[in-house]
Amino acid sequence: MPVPRPTRRTVLRAAVASTTALAATAVGVTQAMGDSARITAENWLDGRTVDLTVASPAVGASLPVRVVLPTGYAAQPDRTWPVLHLLQGAHDDYTSWTRETDVSDFLAGQDVLIVMPASGPTGIPTDWWNYGLSGAPDYERFQVDEVMELLRQRFRAGGRRAVAGVSTGGYGALAFAARRPGVFGAAASYSGILDTTAPGMPIVVSAIVARESLVPLTLWGSSLLNWAIWDRHNPYALARSLAGTGLYISQGSGLPGTDFGNLEGAFLEGSLWSQAQGFARHLGLLGIPARTHFYSGGSHAWPYWQQEFKASWPTLATGLGLG
């Protein structure tokens, strides 16, 4: 006997019921955790690198965070350190920066504490809307507030901060800096989504969420019906708040290019090209300076991002008070 196909209304009801249940679960977990985030485990990988497990009321879950200490940390027990936040991309995890780049060695001689917090399965470090229900995960508060407070308590973090990220992490870097004016001295984006409502970008954002078997509307709602929520999270719409922040923006053109070994990555890189250039032009019209590197070809891949990180280091170092 054939099974009847579910109607659109049935699917919608199921989605709402599912997210409601998730929200209720998150509320219960958050209440059990209390009001303050806390470190529940430490796993030292070497003398400078430690993986933390953090119980986060903001997200309603326990999340991993990698910390890399400066080489002079142990020898200067009374010193505080500026903090560089490095954000992961979509469908990756908190280990990606140390797994894919030489960032630990590159910054070994710099007086900076590096932190790499988890951004959830989508890699979008934001506060989720989840139909306005309570208990929606807030990765922004986790990364910007909860993790930073723990770094102050446990690792002598100081007040100077900079943030950089790849892909959705590049979005997060500019969104954090725009939504929290004055908190970060510098922000860098490598192949990031900097205008979430530019032509085609709502589709890209929704596809990232859907790939993790999540309902796209749970992020910020509909880009048309809930445009005000999207604008509150869109670096382009908040660009005026970036005045005074050191900025570095890089983006490849992707196809047509020369990276035939990674056509999917080249196509994705190309899909972000026009919105990144539009964002840079917007900054220019607002009189906000930024270092930019728009290069021909390239791919949405780590070899390019590692190069761009090193090129952006002078900007980040100045924002950290190290320049």
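The values are calculated or read from the model by the stated rules, or taken from the named source; none is laboratory data. Every value quoted in this text rests on a predicted model; they were computed, and no experiment measured them. Cβ sites come from the backbone with ideal geometry, for glycine too, and all protein chains shown count toward neighbours.
Brief remarks on what is shown
- When residues of region 97-117 are limited to those that are assigned to a loop (DSSP other than H, G, I, E, B) and of a type in the set (Asp, Glu), the one farthest from THR49 (Cα to Cα): ASP111
- When we screen PRO117, PRO121, PRO125, PRO137 for residues that are at pLDDT below 95 and crowded, with 16+ Cβ neighbours inside 10 Å, the only hit is PRO121.
- Taking (1) surrounded by fewer than 18 Cβ atoms within 10 Å (Cβ to Cβ); (2) closer than 22 Å to ALA55 by Cβ; (3) in contact (Cβ under 8 Å) with a residue 12 or more places away in the chain; (4) of a type outside the set (Val, Ile, Thr) in turn, GLU212 satisfies each apart from (2).
Matching residues to (1) over 23 Å from the mean Cα position of the chain (by Cα); (2) at pLDDT below 95; (3) small (Gly, Ala, Ser):
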| residue | (1), (2), (3) |
| --- | --- |
| ALA17 | yes, yes, yes |
| THR25 | yes, yes, no |
| GLY28 | yes, yes, yes |
| ASP46 | yes, no, no |
| GLY60 | no, no, yes |
| PRO64 | no, no, no |
| LEU69 | no, no, no |
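- Pick from region 148-176, criterion over 16 Å from the mean Cα position of the chain (by Cα) and not in a helix (DSSP H, G or I), ranking: surrounded by the most Cβ atoms within 10 Å (Cβ to Cβ): ALA157
- Test: residue in region 225-243 that is more than 30 Å from TYR131 (Cα to Cα) and not polar (S, T, N, Q): yes
- Tallying residues that are free of Cβ contacts under 8 Å to residues at least 60 places away in the same chain and surrounded by 12 or more Cβ atoms within 10 Å (Cβ to Cβ) within region 271-281 yields 3.
- Some residue of region 85-96 being assigned to a loop (DSSP other than H, G, I, E, B), without any contact (Cβ under 8 Å) to a residue 12 or more places away in the chain, surrounded by fewer than 23 Cβ atoms within 10 Å (Cβ to Cβ) and not aliphatic (A, V, I, L, M): no
- Region 221-244 residues that are basic (Lys, Arg), paired with ones that are part of a loop (DSSP other than H, G, I, E, B) and at pLDDT 95 or above (beta carbon under 9 Å, 6 or more apart): ARG232/LEU238; ARG240/LEU286; ARG240/ILE288
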